[in-house]
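Undergrad: This is the structure I want to talk about, given as structure tokens.
The values are calculated or read from the model by the stated rules, or taken from the named source; none is laboratory data. Here the structure is a predicted model, which is why all the values come from computation and not from measurement. We place every Cβ from the backbone using ideal geometry, glycine too, and count neighbours over all the protein chains shown.
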Amino acid sequence: MTKTLHHRACHLCEAICGLTIETTDTDGAVAITSIKGDAQDSFSRGHICPKAVALQDIQNDPDRLRQPMRRVGGEWLPIEWDEAFALVAERLAAIQERHGQNAVAVYQGNPSVHNYGLMTHSNYFLGLLKTRNRYSATSVDQLPHHLTSHLMYGHGLLLPIPDIDHTDFMLILGGNPLASNGSIMTVPDVEKRLKAIQARGGKVVVVDPRRSETAAMADQHLFVRPGGDAALLFGVLNTLFSEGLTRDSHLPVDGLDEVRAAVANFTAEAMSPLCAVPAEQIRQLARDFAAAPSAVCYGRMGVSTQAFGTLCHWVVQLINLVTGNLDRVGGALCTEPAVDLVATTSGGHFNKWQSRVSGRPEYGGELPVSALAEEMLTEGEGQIRALITVAGNPVLSTPNGRQLEQALDGLEFMVSIDLYINETTRYADLILPSTSALENDHYDTTFNLFAVRNVTRFNRAILAKPQGALHDWEIFVGLAKAFAEKTGKELKPTLPPAKMIDMGLRMGRYGDASEQKLSLATLFDHPHGIDLGALKPNLAPRLKTDNQRVQAAPAAILADLARFAALQAPAADELLMIGRRHVRSNNSWMHNYHRLVKGKPRHQLLMHPDDLASRGLSDGQLVRVSSRVGQIEVEVLGSADMMKGVVSLPHGWGHARPGVQMAIASGQPGSSANDLTDDCQLDELSGNAALNGVPVTVAAA
Ligand SMILES: Nc1nc2c(c(=O)[nH]1)N[C@H]1C(S)=C(S)[C@@H](COP(=O)(O)OP(=O)(O)OC[C@H]3O[C@@H](n4cnc5c(=O)[nH]c(N)nc54)[C@H](O)[C@@H]3O)O[C@H]1N2
Ligand SMILES: Nc1nc2c(c(=O)[nH]1)N[C@H]1C(S)=C(S)[C@@H](COP(=O)(O)OP(=O)(O)OC[C@H]3O[C@@H](n4cnc5c(=O)[nH]c(N)nc54)[C@H](O)[C@@H]3O)O[C@H]1N2
Ligand code: SF4
Ligand SMILES: [Mo]
């Protein structure tokens with residue numbers, strides 16, 4: 001029996017924590033015997049959460065698919081890889097030939113950015129399809145961030161990151177990093193870093209309709225009406241201007257006078273009824289922010305996935321800008337990663353075409369996923385007839401999941417590149433499963449770009465690839481070859497992902513031409529990762545706008561103010577649903593591991609005790625929650641952490657659908673929040689779904 005210690009990062013969420021994993025080899029049978037945080041990782045400093053420990057459960061899960069499966073009638077039968085690739089190629093080619101290129105749609109889910117083979121190779125195949133019906137989890141998540149950066153800084157990935165380690169004042173809206181471990185802010189031990197702000201005399205302020213775990217540790221928590229953040233942020237910006245609290249920025253900026261004029265009427269007093277934050281608190285927030293030696297305003301999920309997501313992120317940028325905190329130590333700074341997607345990709349495009357049925361705008365070649373079901377269900381030229389899902393579970397993760405199920409049921413063909421037979425993939429004709437996380441090597445092109453320090457590392461596979469298994473990238477190469485052969489399309493040669501990363505590292509700012517001379521070989525020698533230093537001001541030379549100046553007042557955003565003008569103060573009986581995350585859960589797909597779901601259920605509806613009482617409901621009771629699009633039944637829990645008039649339900653549950661082959665998840669199924677979220681409720685500017693602030697009613701079941 002031999003024991004081996006391996007060091008690599010966990011890449012289940014954005015925090016990329018370093019792990020030390022022990023494997024034991026007994027006569028060639030390798031087992032994982034321990035998974036711990038890696039104290040030698042200078043970035044994560046030993047931090048780990050329960051999900052990483054469950055990597056061994058993913059590895060050993062009997063429900064995880066290990067060979068391609070074909071659905072024949074109601075049964076799933078194994079199929080050979082080559083046969084599967086040929087079948088996909090034949091069916092997709094035939095459908096495109098009959099109905100046009102756009103008849104085949106693609107949905108790429110969240111692990112697409114957590115697995116580098118999907119980053120480097122999915123387009124090798126998907127690009128051949130030349131379809132405009134491309135969708136992804138981006139439009140139920142961070143699309144407003146990308147659009148704002150695209151319009152203001154000229155590149156959708158030029159995202160200023162909170163300089164959490166040096167700031168004196170951190171204002172968080174719609175993020176709960178204590179549960180999520182940070183998002184568009186890769187920060188492996190966020191609790192320690194937030195406490196460090198407080199320890200050095202700084203402040204953390206959280207704006208959230210729920211007193212979240214992060215709000216509970218903050219110096220100040222403001223309840224906000226869901227979807228009201230744009231009003232709150234406008235009130236802050238207006239106060240900064242009207243009370244003379246601005247500071248000059250070193251950045252070249254166009255449009256600030258237009259901004260000033262646009263928000264001139266958005267006084268704290270005018271905004272207060274719209275966001276339910278007292279005017280004096282809005283003003284004080286602006287004063288505290290401006291008075292801090294350094295400060296950063298950070299908005300995440302809760303303010304992205306709401307009706308004014310893009311306006312929110314625009315004003316977040318402006319608050320940092322006009323207080324002199326954009327591109328400043330202790331404020332918001334852009335990374336300088338070793339493999340730099342900002343330098344090597346184009347700035348993106350927006351609204352060059354629109355979706356067929358509702359005219360929703362494309363961003364970067366993708367349409368909003370809220371439009372996916374209607375594009376399948378609405379007859380006519382260009383109707384979607386076939387779907388490819390890649391590492392996604394849109395039935396549970398996109399709005400109006402029941403409508404999407406109905407649409408999937410009517411498709412001519414569907415193929416899923418996925419690990420499980422779940423709520424979405426059960427509709428597929430074929431499921432092509434890849435190797436598991438620990439059988440894969442990995443480099444984080446995305447999360448190094450969003451990290452609070454410049455860091456880099458290469459994660460080597462720690463388990464051998466099982467015989468007959470394929471990595472995600474190899475599946476895409478197989479599909480591309482079969483499709484090219486079938487259609488006579490030209491296929492360029494490709495390289496394995498690791499080779500691409502080696503090239504990216506060598507060509508990058510720490511590569512062959514630099515002192516560090518980073519390459520794959522260097523990273524192999526540093527299994528705990530390499531720290532490339534704190535973030536520093538760099539935005540001016542990195543701007544990709546036409547005139548290399550920050551665009552403070554993009555026309556598309558100013559035009560959206562007309563929609564904001566229609567926002568009304570809440571009616572007395574308003575009840576709005578929001579979401580939440582739990583540290584033991586990861587979107588929809590990690591409920592099949594006993595280690596993570598044991599103990600009391602965590603998928604209840606949270607409601608303020610007064611709201612329970614006024615409906616004659618009691619704590620623990622089964623309730624029916626209804627929205628415009630559907631209804632679910634779920635247990636309700638009274639919680640004084642909720643704002644009155646707001647209920648909270650986590651997404652990613654609802655595993656009781658027939659045919660789901662995830663035994664543990666089905667045993668504790670919960671209900672899907674996205675059976676209630678509305679595909680017609682959007683941030684109309686970007687097309688991002690408004691998953692938060694959904695009007696609902698709650699009654700006894
Ligand atoms: N109501 C509500 N809805 C939400 C949210 C919310 O807060 N509230 N959050 C939204 C957000 S932020 C996101 S990112 C989306 C996520 O939405 P999705 O990406 O659609 O859903 P996931 O639950 O992440 O599903 C991941 C899928 O990938 C598979 N998988 C995991 N690892 C791999 C791999 O390495 N290779 C392959 N091929 N497959 C893999 C899993 O089996 C699973 O089927 O949900 C969104 N939906
Ligand atoms: N444990 C765990 N970690 C995860 C994930 C997971 O599912 N589980 N998912 C990963 C993914 S894909 C993502 S995108 C990130 C997301 O990471 P975060 O952005 O931190 O998202 P959440 O933890 O959902 O926190 C969102 C907060 O917004 C609040 N909120 C809801 N509506 C509003 C509103 O209208 N205004 C304001 N101000 N607040 C509102 C909610 O109450 C909640 O506290 O987490 C990642 N990390
Ligand atoms: S916080 Fe947990 S899930 Fe996220 S990277 Fe770290 S260990 Fe993995
Ligand atoms: Mo996400």
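Undergrad: Take R580 and tell me if it is within 27 Å of the chain's Cα centre (by Cα), surrounded by 20 or more Cβ atoms within 10 Å (Cβ to Cβ), assigned to a loop (DSSP other than H, G, I, E, B) and of a type in the set (K, R).
TA: Working: within 27 Å of the chain's Cα centre (by Cα): yes; surrounded by 20 or more Cβ atoms within 10 Å (Cβ to Cβ): yes; assigned to a loop (DSSP other than H, G, I, E, B): yes; of a type in the set (K, R): yes.
Yes, satisfied.
Undergrad: Okay, moving on. Run down L404, L438 and say which single residue is within 16 Å of ligand 3 (Cβ to nearest atom), in contact (Cβ under 8 Å) with a residue 12 or more places away in the chain and out of contact with any strand residue (DSSP E or B) (no Cβ under 6 Å at 6 or more places or on another chain).
TA: Numbers: L404 fails: within 16 Å of ligand 3 (Cβ to nearest atom).
Going through L404, L438 in turn, just one is within 16 Å of ligand 3 (Cβ to nearest atom), in contact (Cβ under 8 Å) with a residue 12 or more places away in the chain and out of contact with any strand residue (DSSP E or B) (no Cβ under 6 Å at 6 or more places or on another chain): L438.
Undergrad: To continue, here is another question. Hey, can you tell me all the residues within segment 323-351 that are part of a loop (DSSP other than H, G, I, E, B) and on the phi > 0 side of the Ramachandran plot? Walk me through how you get there before you give the answer.
TA: Start the filter on segment 323-351 by keeping residues that are part of a loop (DSSP other than H, G, I, E, B), which leaves 323-325, 327-331, 334-340, 345-349.
Of everything in segment 323-351, those that are part of a loop (DSSP other than H, G, I, E, B) and on the phi > 0 side of the Ramachandran plot turn out to be G324, D327, G330, G348.
Undergrad: Got a sec? Which helices (runs of 4 or more DSSP H) wholly within segment 209-315 have at least 1 residues that are under 26 Å from S686 (Cβ atoms) and more than 16 Å from ligand 1 (Cβ to nearest atom)? Can you show your working first?
TA: Numbers: elements: 213-217, 229-242, 256-262, 268-275, 279-291, 301-304.
Once the helices (runs of 4 or more DSSP H) in segment 209-315 are filtered for at least 1 residues that are under 26 Å from S686 (Cβ atoms) and more than 16 Å from ligand 1 (Cβ to nearest atom), what remains is 229-242, 256-262, 268-275, 279-291.
Undergrad: Could I ask something else about it? Which pairs turn up if I take residues in segment 540-557 that are surrounded by fewer than 17 Cβ atoms within 10 Å (Cβ to Cβ) and look for partners that are of a type in the set (F, W, Y) and at pLDDT 95 or above with beta carbon separation below 9 Å, at least 6 apart in sequence or on another chain?
TA: If the second residue must be of a type in the set (F, W, Y) and at pLDDT 95 or above, the pairs left are A556/F350.
Undergrad: Which of the residues spanning segment 665-681 are of a type in the set (D, E, K, R) and touching a helix residue (DSSP H, G or I) at 6+ places or on another chain (Cβ under 6 Å)?
TA: Within segment 665-681, the first condition is being of a type in the set (D, E, K, R), and the residues that meet it are 675, 678-679.
Listed by number, the residues that qualify are D675, D679.
Undergrad: Consider G73 against the criteria (1) under 29 Å from G127 (Cβ atoms); (2) surrounded by fewer than 19 Cβ atoms within 10 Å (Cβ to Cβ): it satisfies all of them except one. Which criterion is unmet?
TA: (1)
Undergrad: What residue, among those in segment 36-58 that are surrounded by 18 or more Cβ atoms within 10 Å (Cβ to Cβ) and of a type in the set (A, V, I, L, M), is farthest from S434 (Cα to Cα)? I'd like the intermediate steps shown before the answer.
TA: Step one: of segment 36-58, the residues surrounded by 18 or more Cβ atoms within 10 Å (Cβ to Cβ) are 37-38, 41, 43-44, 47-49, 51-58.
Those still in the list that are of a type in the set (A, V, I, L, M) too: 48, 52-55, 58.
Details: I48: 25, A52: 19, V53: 21, A54: 18, L55: 15, I58: 12 Å.
Ranking the qualifying residues of segment 36-58, first place goes to I48.
Undergrad: So which residues in segment 54-102 are within 28 Å of C13 (Cα to Cα) and of a type in the set (D, E, K, R)? Before the answer, list the steps.
TA: Restricting attention to segment 54-102, the residues satisfying the condition of being within 28 Å of C13 (Cα to Cα) are 54-69.
Matches in segment 54-102: D57, D61, D63, R64, R66.
Conditions (1) without any contact (Cβ under 8 Å) to a residue 24 or more places away in the chain; (2) charged (D, E, K, R); (3) away from ligand 3 (no atom under 16 Å from the Cβ); (4) farther than 29 Å from T435 by Cβ, marked per residue:
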position	(1), (2), (3), (4)
Q96	no, no, yes, yes
Q101	no, no, yes, yes
G127	yes, no, yes, no
Y135	no, no, yes, no
T138	no, no, yes, no
G154	no, no, yes, yes
P160	no, no, yes, yes
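Undergrad: List pairs: first residue in segment 34-61 and part of a strand (DSSP E or B), second residue within 10 Å of ligand 3 (Cβ to nearest atom) and of a type in the set (V, I, T) anywhere in the structure, Cβ distance under 8 angstrom, at least six positions apart or on different chains.
TA: Note: pairs meeting the criteria are I35/I48; I35/V53; K36/I48; G37/I48.
Undergrad: Kindly list, by first and then second residue, each pair from a residue in segment 672-687 that is farther than 22 Å from E423 by Cα to a residue that is of a type in the set (V, I, T), limited to pairs with Cβ atoms under 6 Å and residues at least 6 apart or on different chains.
TA: D683/T310; L685/T310; S686/T310
Undergrad: Let me ask something else about it. Quick check on segment 310-317. Is at least one of its residues within 16 Å of ligand 4 (Cβ to nearest atom) and buried (at least 24 other Cβ atoms within 10 Å of the Cβ)?
TA: Restricting attention to segment 310-317, the residues satisfying the condition of being within 16 Å of ligand 4 (Cβ to nearest atom) are 313.
Applying the additional criterion that residues be buried (at least 24 other Cβ atoms within 10 Å of the Cβ) yields 313.
Among the residues of segment 310-317, at least one is within 16 Å of ligand 4 (Cβ to nearest atom) and buried (at least 24 other Cβ atoms within 10 Å of the Cβ), which makes the answer yes.
Undergrad: Here are the criteria: (1) in contact with a helix residue (DSSP H, G or I) (Cβ under 6 Å, 6 or more places away or on another chain); (2) over 19 Å from V357 (Cα atoms); (3) crowded, with 22+ Cβ neighbours inside 10 Å. Tell me which single one V452 does not satisfy.
TA: Here V452 clears every test but (1).
Undergrad: If you scan segment 496-539, which residues turn out to be loosely packed, with under 13 Cβ neighbours inside 10 Å and without any contact (Cβ under 8 Å) to a residue 40 or more places away in the chain?
TA: Those that are loosely packed, with under 13 Cβ neighbours inside 10 Å and without any contact (Cβ under 8 Å) to a residue 40 or more places away in the chain: K499, D512, A513, S514, E515, A521, D525.
Undergrad: Taking the conditions exactly as written (within 22 Å of H591 (Cβ to Cβ) and within 16 Å of ligand 3 (Cβ to nearest atom)), does G630 satisfy them or not?
TA: When the stated conditions are applied, G630 does not pass them.
Undergrad: Turning to a different aspect of this structure: Within segment 235-245, is even one residue touching a strand residue (DSSP E or B) at 6+ places or on another chain (Cβ under 6 Å), buried (at least 17 other Cβ atoms within 10 Å of the Cβ) and at pLDDT 95 or above? Full working, then the answer.
TA: Initially, segment 235-245 is screened for residues touching a strand residue (DSSP E or B) at 6+ places or on another chain (Cβ under 6 Å), giving none.
No, the conditions are met nowhere in segment 235-245.
Undergrad: Give me the strands (runs of 3 or more DSSP E) completely within segment 81-197, filtered to those with at least 3 residues that are touching a Ser or Thr at 6+ places or on another chain (Cβ under 8 Å), ordered by residue number. Break it down stepwise before answering.
TA: Values: elements: 104-108, 134-136, 169-173.
Once the strands (runs of 3 or more DSSP E) in segment 81-197 are filtered for at least 3 residues that are touching a Ser or Thr at 6+ places or on another chain (Cβ under 8 Å), what remains is 104-108.
Undergrad: I want to confirm something. Restricting to segment 3-32 and keeping residues that are within 16 Å of ligand 1 (Cβ to nearest atom) and charged (D, E, K, R), which single residue is farthest from D189 (Cα to Cα)?
TA: The residue in question is R8.
Undergrad: Take segment 6-24 and flag every residue that is part of a strand (DSSP E or B) and of a type in the set (D, E, K, R).
TA: Looking only at segment 6-24, we keep the residues that are part of a strand (DSSP E or B), and these are 6-9, 18-24.
Correct list: R8, E22.
Undergrad: Related question: Can we say P78 is closer than 18 Å to T435 by Cβ and free of Cβ contacts under 8 Å to residues at least 12 places away in the same chain? It would help to see each step written out before you state the result.
TA: Working: closer than 18 Å to T435 by Cβ: yes; free of Cβ contacts under 8 Å to residues at least 12 places away in the same chain: yes.
So P78 fits the description; yes.
One line per residue, one yes/no per condition, for (1) within 16 Å of ligand 3 (Cβ to nearest atom); (2) more than 21 Å from S304 (Cβ to Cβ); (3) in contact with a Pro (Cβ under 9 Å, 6 or more places away or on another chain):
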| residue | (1), (2), (3) |
| --- | --- |
| H582 | yes, no, yes |
| L605 | no, yes, no |
| D611 | no, yes, no |
| L617 | no, yes, no |
| L622 | no, yes, no |
| V634 | no, yes, no |
| M643 | no, no, yes |
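Undergrad: Only one of G667, G693, G654, G645 is more than 20 Å from P209 (Cα to Cα) and either touching a residue at least 12 places away in the same chain (Cβ under 8 Å) or within 14 Å of ligand 1 (Cβ to nearest atom) (or both); which? Before the answer, list the steps.
TA: Details: G667 fails: either touching a residue at least 12 places away in the same chain (Cβ under 8 Å) or within 14 Å of ligand 1 (Cβ to nearest atom) (or both); G693 fails: more than 20 Å from P209 (Cα to Cα); G645 fails: more than 20 Å from P209 (Cα to Cα).
Going through G667, G693, G654, G645 in turn, just one is more than 20 Å from P209 (Cα to Cα) and either touching a residue at least 12 places away in the same chain (Cβ under 8 Å) or within 14 Å of ligand 1 (Cβ to nearest atom) (or both): G654.
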